Amino acid sequence: MALSIGVLAYERELLPGSKRSPANDDPLTFNTQYASPNELQQAIRELREAFPEEGRVTTEPETVKDYGSSDNSYHPSAPHAVVVRAYSTEDVVNIVNIARKYRVPITPYGGATSLEGHFSGYASRDICIDMSGMDKILDIHEDDGDLICQAGAKWEDINDTLKEKGIPLFFPLDPGPGATIGGMIGTGCSGTNAVRYGTAKGEWFLNVTVVLPSGEVIKTRRRARKSSAGFDTTKIFIGAEGTLGIVTEATLRLAPLIPTRVAMAQFPNVDKAVSAVQEALNSPYGPHLQCVELLDDNMIRAMNDGGMVARKLPEKDTLFFKIQGAPQAIKETADVVKAIVKKHNSTQFEFAATDEEADNLWQNRKYALTSTLSWIPGARGWTTDVCVPPSCLPTLVYETKKDLADAGIISTIVGHVGDGNFHALLLFKNDEELQAVSDAVHRMVHRAIALDGSCTGEHGVGVGKKEYLNDELGEGTVALMKTLKKAIDPLNIMNPGKLYPDQPKDRKAQ
Ligand SMILES: Cc1cc2nc3c(=O)[nH]c(=O)nc-3n(C[C@H](O)[C@H](O)[C@H](O)COP(=O)(O)OP(=O)(O)OC[C@H]3O[C@@H](n4cnc5c(N)ncnc54)[C@H](O)[C@@H]3O)c2cc1C
């Protein structure tokens with residue numbers, strides 16, 4: 001499919017006159033006849049009756065278009081037919097019931113920071129549920145180390161609230177700024193803290209309250225930290241991208257706030273940097289490493305040129321470490337890391353001795369994205385996300401950098417290197433370059449899967465990565481996912497067109 005900046009290609013391809021759903025020709029999944037235009041209008045009328053307050057239901061063209069597309073994604077997108085703002089589980093039940101009655105697709109929308117076309121509209125025929133107004137923290141149990149909140153609460157606001165209240169706990173999943181708990185559950189997110197705290201697929205969600213496509217409300221578990229009562233139904237919704245139900249509340253497990261310091265080391269190449277990380281993580285001091293981030297030489301150059309950093313850094317592959325623990329443990333860990341990076345030919349090691357120095361050093365990591373985007377005037381950026389076993393990362397980075405250079409694509413790399421997860425930010429200025437970038441991303445994904453890796457370590461599948469699922473997971477696993485989907489959402493009204501590959505591949509190809 002030809003890509004085009006700012007053009008709603010998906011809409012263009014799917015709309016022509018047909019009343020039938022275009023996506024339901026896969027025999028393993030569905031054959032839903034979605035609402036006709038008249039039925040859709042009737043559904044919108046019922047939504048307006050159910051939510052008569054100003055601004056609750058909108059079909060205003062700019063709004064439905066904004067809610068259906070993202071500046072961070074170049075995948076085909078389409079406006080929604082209508083956006084409805086929910087404030088309670090009951091609101092969500094009402095919306096789902098109206099959608100089911102008329103067979104109108106529903107797209108949940110949280111912080112809108114996802115990157116793979118996750119919340120794009122279903123060819124102007126869907127209801128977008130805006131969950132961002134459901135942002136309340138409902139209960140904090142400091143002694144138990146957990147917190148109950150609505151799905152639209154943002155992870156940063158939760159951590160700010162805990163800090164303001166003087167509660168020495170935090171929620172460690174840290175995806176993009178502005179992400180909400182519902183969206184984080186939807187994408188199965190993680191972030192820089194994953195090396196120490198794991199991902200959304202760990203045990204950070206003790207339970208979730210979900211409105212199923214049937215309109216039934218379930219809570220997956222109670223608040224106890226452990227339960228071996230049956231299999232883990234919470235996990236079914238983590239990474240489901242709103243295709244199985246709408247999360248309205250969640251109980252989050254919290255972690256103690258631990259003093260942190262930052263260190264930085266430069267290396268002659270990625271290979272040396274990654275082997276140093278593996279040795280440090282596998283040492284007895286590994287548990288004190290909260291984050292290990294790699295910025296490649298291009299990224300450092302972009303940051304230096306962008307002028308946002310307080311001082312210029314050597315333009316080499318660079319690791320940023322966050323070390324956590326009691327002061328003595330931090331000191332001992334820093335000493336061990338220093339010795340290990342030296343052994344792996346690090347040319348420079350810097351340890352921030354004070355909070356202020358630590359903040360300054362970590363700020364460099366934070367400028368990565370903006371520095372890259374301002375590196376080439378007028379350029380836009382496509383962020384990719386792949387993940388491989390950590391020992392395979394140098395091969396992946398080396399081959400990818402060579403491929404991008406051969407294709408004439410300017411790019412920078414930032415990696416959650418302790419997890420073997422990296423993002424390349426590929427720059428382009430026009431449709432032709434965008435196509436070259438898209439092709440390079442495709443090759444990068446196949447390279448990652450060939451190294452026993454994943455097409456997405458943390459951003460999720462959405463529209464952009466669904467074509468890789470059969471290759472990565474195998475057709476049997478994808479068929480199991482579809483069987484579950486079909487059982488829970490037989491009409492396929494929950495976020496259709498996302499996550500599940502469109503067509504089963506020839507089984508012999510496996
Ligand atoms: C600058 C930047 C940095 C980023 N860094 C990281 C990173 O380090 N790690 C990482 O993992 N991601 C990262 N991301 C991606 C993004 O922040 C995550 O994917 C995040 O989890 C999305 O949350 P959201 O609230 O924005 O979800 P949205 O984008 O609103 O939605 C994401 C998906 O979840 C579904 N959904 C939303 N709310 C609900 C709900 N209540 N119930 C059911 N489904 C729902 C949506 O339909 C959609 O499919 C980054 C993004 C940006 C822009």
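Within the group L319, L313, which residue is buried (at least 16 other Cβ atoms within 10 Å of the Cβ) and assigned to a loop (DSSP other than H, G, I, E, B)?
Every option except L313 fails the conditions.
Going through V461, V478, V437, V445 one at a time, which residue ends up being β-branched (V, I, T), surrounded by 19 or more Cβ atoms within 10 Å (Cβ to Cβ), in a helix (DSSP H, G or I) and not assigned by the TED database to the domain that holds M299?
V478
Of (1) closer than 17 Å to G111 by Cβ; (2) touching an Asp or Glu at 6+ places or on another chain (Cβ under 9 Å); (3) without any contact (Cβ under 8 Å) to a residue 40 or more places away in the chain; (4) polar (S, T, N, Q), S190 satisfies all except one. Which?
So S190 meets the others, but not (3).
Without any contact (Cβ under 8 Å) to a residue 24 or more places away in the chain and either surrounded by fewer than 24 Cβ atoms within 10 Å (Cβ to Cβ) or closer than 21 Å to S88 by Cβ (or both), is that true of D157?
Against the criterion (without any contact (Cβ under 8 Å) to a residue 24 or more places away in the chain and either surrounded by fewer than 24 Cβ atoms within 10 Å (Cβ to Cβ) or closer than 21 Å to S88 by Cβ (or both)), D157 qualifies.
For region 144-158, enumerate the residues that are away from the ligand (no atom under 15 Å from the Cβ) and small (G, A, S). Spell out the reasoning first.
Looking only at region 144-158, we keep the residues that are away from the ligand (no atom under 15 Å from the Cβ), and these are 144-147.
Answer for region 144-158, where residues must be away from the ligand (no atom under 15 Å from the Cβ) and small (G, A, S): just G145.
State whether the residues of region 56-79 include one that is surrounded by fewer than 21 Cβ atoms within 10 Å (Cβ to Cβ) and aromatic (F, W, Y).
Within region 56-79, not a single residue is surrounded by fewer than 21 Cβ atoms within 10 Å (Cβ to Cβ) and aromatic (F, W, Y).
Every residue, every condition in (1) farther than 30 Å from R103 by Cβ; (2) surrounded by fewer than 23 Cβ atoms within 10 Å (Cβ to Cβ), yes or no:
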residue	(1), (2)
T220	no, yes
A229	yes, yes
T243	no, no
L254	yes, yes
V262	yes, no
N269	yes, yes
Q278	yes, yes
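Which one is modelled with the lowest pLDDT among residues in region 341-373 that are among the polar types (S, T, N, Q) and crowded, with 19+ Cβ neighbours inside 10 Å?
Per the stated criteria, the residue is N364.
Going through region 159-194 one residue at a time, which ones are closer than 26 Å to R85 by Cβ and either away from the ligand (no atom under 11 Å from the Cβ) or of a type in the set (F, W, Y) (or both)?
Here is the first cut: in region 159-194, the ones closer than 26 Å to R85 by Cβ are 159-161, 171, 173, 175-189.
Correct list: N159, D160, T161, F171.
From the list T233, T187, T209, which one is polar (S, T, N, Q) and surrounded by fewer than 20 Cβ atoms within 10 Å (Cβ to Cβ)?
T233
Of the residues in region 243-280, how many are aliphatic (A, V, I, L, M) and within 25 Å of N159 (Cβ to Cβ)?
11
Do we find that I127 is at pLDDT 95 or above, in the same structural domain as I181 (by the TED database), of a type in the set (A, V, I, L, M) and under 27 Å from S214 (Cβ atoms) in this structure?
no
Return yes when A379 is at pLDDT 95 or above and more than 16 Å from the ligand (Cβ to nearest atom) and no when it is not.
In short, no.
Scan region 310-323 and give yes if some residue there is without any contact (Cβ under 8 Å) to a residue 60 or more places away in the chain, out of contact with any helix residue (DSSP H, G or I) (no Cβ under 6 Å at 6 or more places or on another chain), more than 16 Å from the ligand (Cβ to nearest atom) and charged (D, E, K, R), otherwise no.
Yes - at least one qualifying residue is present in region 310-323.
Identify the residue in region 204-230 that is within 15 Å of the ligand (Cβ to nearest atom) and aliphatic (A, V, I, L, M) and, among all such residues, is nearest to I488 (Cα to Cα).
Here the residue is L212.
Counting only residues that are within 8 Å of the ligand (Cβ to nearest atom) and not acidic (D, E), which one in region 231-243 is nearest to N492 (Cα to Cα)?
Going through the qualifying residues, I end up with T243.
Out of everything in region 106-143 that is more than 12 Å from the ligand (Cβ to nearest atom), part of a loop (DSSP other than H, G, I, E, B) and without any contact (Cβ under 8 Å) to a residue 60 or more places away in the chain, what residue ends up being farthest from C189 (Cα to Cα)?
The residue in question is D143.
Here's the yes/no breakdown for (1) in contact with a helix residue (DSSP H, G or I) (Cβ under 9 Å, 6 or more places away or on another chain); (2) modelled with pLDDT of 95 or more; (3) part of a loop (DSSP other than H, G, I, E, B):
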| position | (1), (2), (3) |
| --- | --- |
| P16 | no, no, yes |
| F30 | yes, no, yes |
| Q42 | yes, yes, no |
| K65 | no, yes, no |
| D71 | no, no, yes |
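The values are calculated or read from the model by the stated rules, or taken from the named source; none is laboratory data. Note that the structure is predicted; figures quoted are calculated from it, not measured. Cβ sites come from the backbone with ideal geometry, for glycine too, and all protein chains shown count toward neighbours.
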